1. Where does the charge balance sit around Leu59 when Lys and Arg score +1, Asp and Glu -1, over other residues with C-beta under 14 Å from its C-beta?
2. If each Cα of the chain is one equal point scatterer, what is log10 of I(q)/I(0) from the Debye formula at q = 0.16, 0.18, 0.23, 0.26 Å⁻¹?
3. How high is the relative contact order of region 4-91, in percent, counting Cα pairs under 8 Å that sit 6 or more residues apart?
4. Convert each backbone phi in region 63-80 into a coupling constant with the Karplus relation 6.51 cos²θ - 1.76 cosθ + 1.60 (shift: θ = phi - 60°), then list the ³J(HN,Hα) values in order as whole Hz, x for Gly and Pro.
5. Calculate the spin-label point distance for Gln93 paired with Ser16, positioning each point 7 Å from the Cα along the beta-carbon direction, and give it in nanometres.
6. For the pair Thr76/Arg9, report the inter-label distance in nm, with labels modelled 7 Å from Cα in the Cβ direction.
7. May I ask for the longest run of the chain untouched by trypsin sites (Lys or Arg not before Pro) that are loop-located per DSSP and have at most 16 neighbouring C-beta atoms (other than their own) within 10 Å?
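None of the figures in this text is laboratory data; all of them are computed from the coordinates on show. Since the structure is predicted, the reported quantities are computational estimates derived from the model, not experimental observations. Heads up, the Cβs are rebuilt from the backbone with ideal geometry, glycines too, and the neighbour counts pull from every protein chain shown.
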Amino acid sequence: MIDTFNSNRVQKVWQSRGFTCDLWTDSPGQEWIDFIHTVDELVMIVEGNLEIEMDGKTLYPKPGEEVFIPARVYHTVRNVGTSTARWLYGYRQT
């Protein structure tokens, strides 16, 4: 799990790259199907197990691994674990 210090560091790095940074929490089995945004998005798992589908690929990022979701790309995020998933997400600021 990423501790508070590391989460704060991620927030600073993302902000320096022009992205927001917030924490999201999902219960086991939660699905966000076919989302699309007008700006680029970053996702980083803090704890739990997420599955991310986009562009015909399925990703299973590990905690601390950053996933880039380009603007206007349909994507699905699922908590495929048996526990709560916490993840950082951010959108490119325009």
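1. -3
2. -0.61, -0.78, -1.23, -1.44
3. Numbers: 198 pairs, mean separation 36.4, N = 88.
It comes to 41 percent, rounded to a whole number.
4. Coupling constants for region 63-80: x, x, 8, 8, 10, 9, 10, x, 4, 6, 10, 5, 8, 10, 10, 10, 7, 9 Hz.
5. Going by the 7 Å Cα→Cβ label model, 1.5 nm.
6. The two pseudo-label positions are separated by 3.5 nm.
7. That gives 18-71 as the longest site-free run.
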